[in-house]
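Take a look at the structure below.
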Protein chains: 2
Amino acid sequence: MERTCGNGTLRLSDAGREVTLIGWVQKRRNFGSLVFIDLRDRSGLVQIVFDETISEKVKDVRSEFILQVWGTVVARQDPNPKIPTGEIEVRAKDVKIINTAATPPIMISDDTDALEDTRLKYRYLDLRRPSLQKILMTRHKVCMVTRKTLDSMGFVEVETPILARSTPEGARDYLVPSRLYNGKFWALPQSPQIYKQLLMIGGMEKYFQIARCFRDEDLRADRQPTFTQIDVEMSFVDENDVFAVVEKLMQEIFMEIRGYKVEDHFQRLTWKECMKRFGSDKPDLRYGYEINDISDLFANTEFMVFRNVLDNGGEVDALKFDAAAGHYSRKKLDELQEFIKHNFRAKALAWLKMEKGVLSGSIAKGISDAEKQALVERLGIADDDLVLIVADKPETAETALGALRIRLAHELDRLPKEETYKFLWVTDFPMFEWDEEEQRWQAAHHPFTAPRVNDIDELFTDPGNVMSRAYDLVLNGYEQLSGSIRIFDQNMQEKVFESIGMTMEQAHQKFGFFLDAFQYGTPPHGGFAIGLERLIMVLCGTDNIRDVVAFPTNNSAVDLMSDSPNIVDQAQLDILGLQIAEKAKKQ
Amino acid sequence: MERTCGNGTLRLSDAGREVTLIGWVQKRRNFGSLVFIDLRDRSGLVQIVFDETISEKVKDVRSEFILQVWGTVVARQDPNPKIPTGEIEVRAKDVKIINTAATPPIMISDDTDALEDTRLKYRYLDLRRPSLQKILMTRHKVCMVTRKTLDSMGFVEVETPILARSTPEGARDYLVPSRLYNGKFWALPQSPQIYKQLLMIGGMEKYFQIARCFRDEDLRADRQPTFTQIDVEMSFVDENDVFAVVEKLMQEIFMEIRGYKVEDHFQRLTWKECMKRFGSDKPDLRYGYEINDISDLFANTEFMVFRNVLDNGGEVDALKFDAAAGHYSRKKLDELQEFIKHNFRAKALAWLKMEKGVLSGSIAKGISDAEKQALVERLGIADDDLVLIVADKPETAETALGALRIRLAHELDRLPKEETYKFLWVTDFPMFEWDEEEQRWQAAHHPFTAPRVNDIDELFTDPGNVMSRAYDLVLNGYEQLSGSIRIFDQNMQEKVFESIGMTMEQAHQKFGFFLDAFQYGTPPHGGFAIGLERLIMVLCGTDNIRDVVAFPTNNSAVDLMSDSPNIVDQAQLDILGLQIAEKAKKQ
């Protein structure tokens, strides 16, 4: 169909140009014999003027009709600075109604007030909103840049199966019944993890995939049953090689999408450091406010609260916010205490304020002048500073103050005003975590993650202290990427299984063909996965995951548009050899 | 890990260079105190020489061990012209065994003699074969070029749902039981058809996706339960716009992968012409040998066989092969007759040969001299030419000769010797086909395909004669693409439903929300899908679909590597509210 250009691309420099435009009617206004129509397409909208010679032709035109318009671009007498085409309008010479439209059930505009569930039901209309179209285009661009960058580094995109085998911990697998083999099932992959490691064993050396993943998790507002990840695996690498790939990728993506120059190399912190300094394994580094372990200042304290904590292996941690004392009343500080009691089971929040050179606060009378003085010196406490102190088990004290750090930075508006992206590698995560229920150690990441080499001896002596070669990439306080260097040595693999109380025989029952594969010359390898939706959310500045998915499910994991999941014919179940359980039918 | 370059990239110009290489041991040979090892990586293989000062270090090395080698590139005294690195070898100075390997169950070489099922079971080893790696890299490249080309034309890649709604003709849907809503199901999409049309309604204008599709079809050697298609949809277009996109895309792909210049514009034929001239809706145009309707020459024939056929609405079709008479004995011609009787229910095959100016053959005595003369003139029959004739119902005569056309072109080795890609657009397919079982017309493509505009009136008077705006792209005799311009006008849609005996009410029950969507300003649109696996097969010159899939299922739709589909725990079925039917359990 004849069409000159996108409606939203016209500018003052186009004045005098004859154009043929196509689009949807955003708005129609009558001024006497003149009719003004805002015509919208993917590129934006432009005002069309129909004068008395032609306005009759559009008298029945309503919102969302599709028009083809022949006309001339002219400068506008009263420019509209709010839209990019605001300096011009198009004088229509002829018009054709391409299609009519019933009145849409939602307003098609970025400031729509329709409920989200209504918008999701009519997603095909919701998608006409410019902001959603822009996000989908950004998502496309991110994928393009990702592929271009990884391809240029020698990575090969390989499609791995969507009909896969159910994993041993299959409770989160979506199952797919087999028609040809009734009673048997496929599973949709929670990630391509096994396949990408098999590709390394298969000699592919550098693999990537923008991969669809499936996880049947319980309802959470920010989850979709299916999601997409930028999935990468490399052979013959260590952490430095992997990090270099990611850093390059992030540089390209942030430059292309945001015009933002990301650092050449990202800061690195071990998990222990992170917890100690920021009380979080995903600290937001756009602001400071580090946690200080001030236990040493109270080594000989007579203040019984601290005394008891320190004697029981706890610690005393402090967090100082400058120029904050005035912002936190007693009531507000009580709220902060409730917050950490409720969320972190912290016992209490102590606080100090420096006002006109005098330190006051909840523990001001409990601690000695010398201790106060030491504290002022250690933290550099100045007038109007607020100091929050938690004395508790180390993890509790750290995470409680870590949460307060975020809360106060936001409440005090201490985030940088300009667009800022602070990346951080967090490394050396604990290899194992204690399973209270089963009273044994479990792999924290997955049992194929390599332990730190100098910790092999500790695998059995002190599992809780063994660190792994797993890493996360954190951006502005959110985990964007997770990965690890994998075990490729069978001895090591056996030791790791043994340390979580599993014999190789049991391991084989559980991991089967995947473990078999490791014996035939497995290269050292490692990789990562980046959550695509979360990355797009950051790049587009939205905190609603449904904004970055073309056809999302709602908060109840239902596709309201197609009304899915839905019942199917008994005939369909019969050929699958399945019956709905009686219990389920009653629901 | 330290590594200079890919093993397969070293050339004579690298002589003297110090290198660090990594790879798998392809082969090890001992010559006295010297050890030769072919070291393979993704880029190819290179010969490493370990002299007596170092050969001890590799004395236990066997096939598929992984080595890191430090050495010097030197010119080879006896070059091996069979491999790209054959002019050089690497003298090892040091070596490290990175990993050992058990004896592989299959030979890792392109001339492996392992059974396909064994190779599929150990696919991770099979993938080390250079030919398979090359195909996967080609597949990656095709996807890269496709995305780059479509992106440059303004197309946006959008991921459509994998958990979708079961379609009305859902017998081929894979179902996914819902855990949150027991008794309800998702379905894996057979294609993104509905979603891509909704994206057009959503104003996306130009969509593409390299999309995973799922079709639970019965076993066929050349099918995989999941497949991938290059899926495209465009708004405000007619056939010419769509074809231009595809032609550009094919030009880019074939140039990038094969270095082959594809025609700027592809030939177009209507379905009727195709059937008439080539007896096929996907003719191979790399050779001629068109079918001739010679019915008119026998309008007044006294040859009863032809007479009866013509009187009953049949036709007489002929196919001439030059310089072929000598190749087809009576016995071979009888075989050809059996072939068309068996496959096309043709009644008989007549034939004529011109030998030394005399026309002989099965009907030489039945037809008159004048008819012979007319035939010789019409077909330009020369010495040693063979003419095959089928008199039958038009479709039978055409398809039978169409099949003989292909068979003889191959038997006579009449395909071009040089690499040739002949593209053909086939247009104007029949809109409806008669359903014998239900005794009514059915949509041949799908009921959203637009009919040819000048045929609207015939929708009710002569449905069998209505042509659609569906099109196929045929390459060297194989369908590579299928698509159509869709209906966007509700009146037309109603008429099409009516013509296949469906009321709008019934249509709504069947197509639900999708039909609802059409009322809100649907743009004219059309699109296509290219079967990616088939395209890669052509580009890589393989006729085994499993060669172009990283982890394929075998001929019985089983993944032998992971042994899937497989049984799952009863607990997993319980949370889905499902039971295996008793009948199925017994299987």
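Would you mind checking which residues have amide H under 5 Å from residue B:316's amide H? H placed 1.01 Å from N; only 5 or more apart, or other chain.
The list, which skips near neighbours in sequence, is B:294, B:295.
Any idea what the dipole of segment A:52-111 comes to, in debye rounded to 20, about its Cα centre with Lys/Arg Cβ at +1 and Asp/Glu Cβ at -1?
In total the dipole reaches around 200 debye.
Rounded to the nearest 10 Å², what accessible area does residue A:505 show when all protein chains are kept and the probe is 1.4 Å?
Spelled out: residue A:505, probe radius 1.4 Å, area about 140 Å².
Compute the helix-to-body angle for A:394-411: its Cα long axis versus the longest principal axis of chain A, expressed 0 to 90° and rounded to tens.
So the helix axis and the longest Cα principal axis differ by about 30 degrees.
Taking only protein heavy atoms and a 1.4 Å probe, what accessible area per residue, in Å², does segment B:287-411 have with all protein chains in place?
Per-residue value: 49 Å².
Can you pull the Rg over Rh of segment B:7-99, Cα-only, Kirkwood?
We get a ratio of 0.92 for segment B:7-99.
With runs of 4+ DSSP H residues as the only contributors, calculate the mean residue ellipticity of the protein assembly as shown at 222 nm using -39,500 (n - 2.57) per run, divided by the residue total and rounded to the nearest 500.
Helix contribution divided over all residues of the protein assembly as shown: -8500 deg cm²/dmol.
In this model, which of B:356/B:417; A:141/A:422; A:57/A:93; B:196/B:248; A:206/B:148 are farther than 18 Å apart at the alpha-carbon?
Beyond 18 Å: B:356/B:417; A:141/A:422; B:196/B:248; A:206/B:148.
How far apart, in nm, are the 7 Å Cα→Cβ label points at residue A:329 and residue B:434?
8.8
Students sometimes get this wrong: rank B:437, A:64 by accessible area, probe 1.4 Å, all chains present, largest first.
The most accessible residue leads, giving B:437, A:64.
Give me, ordered by chain and number, the residues 5 or more places off residue B:95 or on other chains with an amide H under 5 Å from its own placed amide H.
The answer is B:70.
At a 1.4 Å probe radius, carbon and sulfur cover how many percent of the accessible area of segment A:287-411?
50
What residue among B:403, B:132, B:552 has its Cα farthest toward the positive end of the dipole of chain B, where the charges are +1 on Lys, Arg and -1 on Asp, Glu, each on the Cβ?
B:132
Apply 1/(1 + (r/R0)^6) to the Cβ-Cβ distance of residue B:4 and residue A:377, taking R0 = 56 Å, and write down the FRET efficiency to the nearest 0.05.
The value I calculate is 0.55.
Among A:246, A:199, A:230, whose Cα sits farthest toward the positive end of the charge dipole of segment A:199-249 (+1 at Cβ of Lys/Arg, -1 at Cβ of Asp/Glu, about the Cα centre)?
A:230
If each residue of separation counts as 0.36 nm, what is the full-extension length gain between residue A:13 and residue A:220 once their alpha-carbon separation is subtracted?
That pair, residue A:13 and residue A:220, stretches by 69.5 nm at full extension.
May I ask for the Kirkwood hydrodynamic radius of chain A, worked out over all distinct Cα pairs and given in angstroms to one decimal?
28.8 Å is the Kirkwood radius here.
If I compute solvent accessible area with a 1.4 Å probe over the protein chains, what percent of it on segment A:27-158 is carbon and sulfur?
Taking all protein chains in place, segment A:27-158 shows 51 percent carbon and sulfur surface.
At 1.4 Å probe size, with every protein chain present, just tell me what the per residue accessible area of segment B:17-68 comes to in Å².
With the other protein chains kept in place, segment B:17-68 gives 41 Å² per residue.
Describe numerically, in nm with one decimal, the distance between label points set 7 Å from Cα along Cα→Cβ at residue B:80 and at residue B:153.
Result for the modelled spin labels: 4.5 nm.
For helix A:504-517, what angle does its Cα long axis make with the longest principal axis of chain A, in degrees from 0 to 90 and rounded to 10?
40
Under 8 Å for C-alpha pairs, at least 6 residues apart: give me the relative contact order for chain A, rounded to a whole percent.
Normalised by residue count, the contact order of chain A is 13 percent.
Percent of alpha carbon pairs in the protein assembly as shown separated by more than 48 Å?
Result: 44 percent of Cα pairs exceed 48 Å.
Chain A: longest stretch without exposed trypsin sites (Lys or Arg not before Pro) (DSSP loop, at most 14 other Cβ within 10 Å), sites themselves excluded?
By the stated rule (loop sites, at most 14 other Cβ atoms within 10 Å), A:418-587.
For segment A:192-235 and segment A:36-58, write down the distance between their C-alpha centroids in whole Å.
47
Between residue A:444 and residue A:59, what length comes free when the chain is fully extended (0.36 nm per residue of separation minus the Cα-Cα distance, one decimal in nm)?
131.9 nm
Suppose each label sits 7 Å from its Cα in the direction of the beta carbon; what would the residue A:261-residue A:384 distance come out to in nanometres?
Result: 3.4 nm between the two label points.
Hey, got the average number of other protein chain Cβ atoms within 10 angstrom for residues in A:550-562?
Partner Cβ neighbours, averaged per residue: 5.
Please name which of A:25, B:99, B:150 has its Cα lying farthest along the dipole of the protein assembly as shown towards the positive end, using unit charges on Cβ (Lys, Arg +1; Asp, Glu -1) and the Cα centre as origin.
Working it through, the farthest residue towards the positive pole turns out to be B:150.
Using +1 on the beta carbon of Lys and Arg, -1 on that of Asp and Glu, and nothing else charged, what's the dipole of segment B:7-99 about the Cα centre, debye to 20?
220
Quote the charge dipole size of chain B about the Cα centre in Debye, to the nearest 20; the model charges only the Cβ of Lys and Arg (+1) and of Asp and Glu (-1).
It comes to approximately 2240 debye.
Amide H to amide H, which residues 5 or more places from residue A:450 or on other chains are under 5 Å from it, using H placed in the peptide plane?
It is A:469, A:485, A:486, A:487, by chain and number.
Step by step: find N for segment A:287-411, compute 2.2 N^0.38 Å, then divide the Cα radius of gyration by it. What's the final number?
Cα Rg divided by the expected 2.2 N^0.38 Å: 0.96.
What list of ³J(HN,Hα) couplings, whole Hz, do you get for segment B:466-478 from phi and the Karplus terms 6.51, -1.76, 1.60, once you set θ to phi - 60° and write x for glycine and proline?
7, 9, 9, 8, 7, 8, 10, 10, 10, 10, 6, x, 10
Given a Förster distance of 60 Å, report the FRET efficiency between residue B:479 and residue A:338 from their Cβ-Cβ distance, rounded to the nearest 0.05.
Here the calculated transfer efficiency is 0.30.
Explain nothing, just compute: Karplus ³J(HN,Hα) = 6.51 cos²θ - 1.76 cosθ + 1.60, θ = phi - 60°, for every residue of segment B:358-372 in order, whole Hz, x for Gly and Pro.
Using θ = phi - 60°, the values come out as 10, 8, 10, x, 4, 10, 4, 8, x, 9, 7, 4, 5, 5, 4 Hz.
State the Cα centre-to-centre distance between segment B:463-489 and segment B:286-325 in whole Å.
Each part's Cα centre sits 29 Å from the other's.
Which value, in square angstrom to the nearest 100, describes the accessible area buried between chains A and B on both sides, using a 1.4 angstrom probe?
Chain pair A/B: roughly 10700 Å² of buried accessible area.
The values are calculated or read from the model by the stated rules, or taken from the named source; none is laboratory data. Because the structure is a prediction, the values reported are computed rather than measured. Here Cβ is always computed from backbone atoms with ideal geometry, including for glycine, and neighbour counts include all displayed protein chains. Please note that ligands, DNA and RNA were not included when accessible areas were found on the heavy atoms of the full protein model with its side chains. Shrake-Rupley method; radii C 1.70, N 1.55, O 1.52, S 1.80 Å.
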